[in-house]
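Below is one structure; the comments refer to it alone.
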Amino acid sequence: MTEPNGKRARVAERRGPHPADAMALRRLRSIEGQIAGIRRMVAEERYCLDILTQVSAARAALNALGLHVLKRHLDHCVADAVRDDRERLPDVVDELMAVLARSSI
């Protein structure tokens, strides 16, 4: 869909944001802690393989968060489009596919 200014409107913005996701927020706080720990390890010149192990763990945590958000999107936004607004469904699917095409989820 295109807005009057010629830009493609994001489907989710038209429907409004999700309410706060407590699980996602907890995971983000944990990931922030992991990143702070990696920063300290680098500053302390810790063993490279130990740092790489922590980087891998942080990536895994981010991927898990991404999957959680993806499931939430499917359960809510996509399901709403299927149930309530079938005309909007192709835009919802296209938007999701574009995000997945540029991510590692």
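The values are calculated or read from the model by the stated rules, or taken from the named source; none is laboratory data. All of these numbers come straight from a predicted model, not from anything done at the bench. With ideal geometry, Cβ positions are generated from the backbone for all residues, glycine too; neighbour counts draw on all protein chains shown. Heads up: the accessible areas ignore ligands, DNA and RNA and are worked out on the full protein's heavy atoms, side chains in. Shrake-Rupley method; radii C 1.70, N 1.55, O 1.52, S 1.80 Å.
Side notes on the structure shown:
- Region 25-105, relative contact order [Cα under 8 Å, separation at least 6], %: 27
- Pairwise label distance in nanometres, Ala24 with Leu52, each label 7 Å out on the Cα-Cβ vector: 3.3
- P(r) histogram, all alpha-carbon pairs of region 28-103 included - 5 Å bins from 0, percent: 3, 14, 18, 15, 11, 10, 9, 8, 6, 4, 2, 0
- Ser56 contributes an accessible area of around 70 Å² to the protein surface, as traced by a 1.4 Å probe with all chains present.
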